[in-house]
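To start, the structure itself, in structure tokens.
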Amino acid sequence: MRTSRHAVTAVFLLPGAAVVGLFLAAVAGLVQSALLGPDGFSTRYLAQILNRPDYLVVMQRTVLMSIAVAMTAAVLAYPIAFLLWRVPRWRNRLLILVMLPWLVSIVVRTYGWMVILGPRGTINEVLAWLGLIDAPVKLMFNDLGILIGLTHVLLPFAVIAILASMLQIDLRLEEASESLGARPARTLWRVLLPLSAPGIFVGINITFLTSMGAVVTPILLGGVREKMAGTQIYQDIVYAFNLPKASSWALMLLLAAFLMLLVLRLAETAIMRRFRH
């Protein structure tokens, strides 16, 4: 009986083990392509990335933009998740609206933002009609356009992560806080926010990691000049056919993402400790 139970467990674990195995194989291939050349071990392309100021600017923009997107998405997602948590009767219908953008291609969504943010887009036309501007405001082909586009694309991830954390909160804790005389704002700050903080950090981690490797939105809304690491990798593969260099970029991106996750983990630990006190 115990043997058959272990066999069933092993069968169910096989798909997960296969996914992990493929991931490790892909990382191993990435490292091999980045560090092994025709003459053996080589760090030539890694040295190029670290020694070129423009490449360092690309990596810096990638990290800072990903942090900005993650924080912006968390701030915008929290009230949405809070609303979904407060209206259980309408939760499923409203959740469909939150997830509806996923049914549309990311290219189509990004082109939609190009129509809105462009020099002759909706926002500039409205501002000109109101007499607030004489010339179009530059809302795309810069960091602002990338921030808006990536935040819109990744916002549902943050909403779902925070909502999942809120659904675990015992409503009696809120009632106990209010019965002790706490106002709604204090209950939110001292009870609900600490209890939902794990979901906030999960959403931040997901949106941060996804932003680090974004390609389509930075290309369309950031243009050629405002490069991120994902767009640089795309150009090295599609236009330069330089796989070792693209692999070196991907390896640097992987290391940067890992280090930032450690920083976020330390920040989460410190904030949660502060909430407990």
Residue among Thr269, Thr217 that alone is assigned to a helix (DSSP H, G or I), among the polar types (S, T, N, Q) and surrounded by fewer than 20 Cβ atoms within 10 Å (Cβ to Cβ): Thr269
Unique residue being of a type in the set (A, V, I, L, M, F, W, C), surrounded by 19 or more Cβ atoms within 10 Å (Cβ to Cβ) and either free of Cβ contacts under 8 Å to residues at least 24 places away in the same chain or out of contact with any His (no Cβ under 8 Å at 6 or more places or on another chain) (or both) when the list is Ala176, Ala158: Ala158
Flag if Gly203 is within 17 Å of Leu261 (Cα to Cα) and not charged (D, E, K, R): yes
message: Can you find, within the stretch 70-94, the residue that is nearest to Pro218 (Cα to Cα) among those that are in a helix (DSSP H, G or I) and free of Cβ contacts under 8 Å to residues at least 12 places away in the same chain?
response: Val75
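In this structure, is Leu171 closer than 25 Å to Val215 by Cα, modelled with pLDDT under 85 and exposed (fewer than 14 other Cβ atoms within 10 Å of the Cβ)?
Against the criterion (closer than 25 Å to Val215 by Cα, modelled with pLDDT under 85 and exposed (fewer than 14 other Cβ atoms within 10 Å of the Cβ)), Leu171 does not qualify.
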query: Among the residues of the stretch 119-139, is any surrounded by 13 or more Cβ atoms within 10 Å (Cβ to Cβ), in contact (Cβ under 8 Å) with a residue 60 or more places away in the chain, of a type in the set (A, V, I, L, M, F, W, C) and assigned by TED's automatic domain parsing to the domain that holds Thr210?
result: no
- request: State which residue is farthest from the chain's Cα centre (by Cα) when the search covers only the stretch 136-177 and only residues that are under 25 Å from Val107 (Cβ atoms) and assigned to a loop (DSSP other than H, G, I, E, B).
  value: Pro136
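Give Ala182, Ala197, Ala257 a once-over and let me know the one that is surrounded by fewer than 17 Cβ atoms within 10 Å (Cβ to Cβ) and part of a helix (DSSP H, G or I).
Unique residue meeting the criteria: Ala197.
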message: Can you find, within the stretch 33-48, the residue that is surrounded by the fewest Cβ atoms within 10 Å (Cβ to Cβ) among those that are out of contact with any Lys or Arg (no Cβ under 8 Å at 6 or more places or on another chain) and assigned to a helix (DSSP H, G or I)?
response: Ala47
- line: If we ask which residues in the stretch 100-118 are exposed (fewer than 13 other Cβ atoms within 10 Å of the Cβ) and among the small types (Gly, Ala, Ser), their number turns out to be 1
Failed condition for Pro101, given (1) closer than 30 Å to Ser248 by Cα; (2) modelled with pLDDT under 85; (3) in the same structural domain as Leu255 (by TED's automatic domain parsing): (1)
- prompt: Going by the conditions given, is Gly222 of a type in the set (Gly, Ala, Ser) and closer than 17 Å to Met140 by Cα?
  reply: yes
message: So, Phe201, is that one of a type in the set (Phe, Trp, Tyr) and in contact (Cβ under 8 Å) with a residue 40 or more places away in the chain or not?
response: yes
- prompt: Restricting attention to the stretch 51-92, and to residues there that are of a type in the set (Ser, Thr, Tyr) and under 12 Å from Thr151 (Cβ atoms), which single residue is surrounded by the most Cβ atoms within 10 Å (Cβ to Cβ)?
  reply: Ser66
- request: Could you list, in sequence order, all residues of the stretch 220-254 that are assigned to a helix (DSSP H, G or I), surrounded by fewer than 18 Cβ atoms within 10 Å (Cβ to Cβ) and under 21 Å from the mean Cα position of the chain (by Cα)?
  value: Leu254
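The values are calculated or read from the model by the stated rules, or taken from the named source; none is laboratory data. What you are looking at is a predicted structure, and each value in this text was computed from that prediction instead of being measured. Cβ coordinates were reconstructed from backbone atoms using ideal geometry, including for glycine residues, and neighbour counts include every protein chain displayed.
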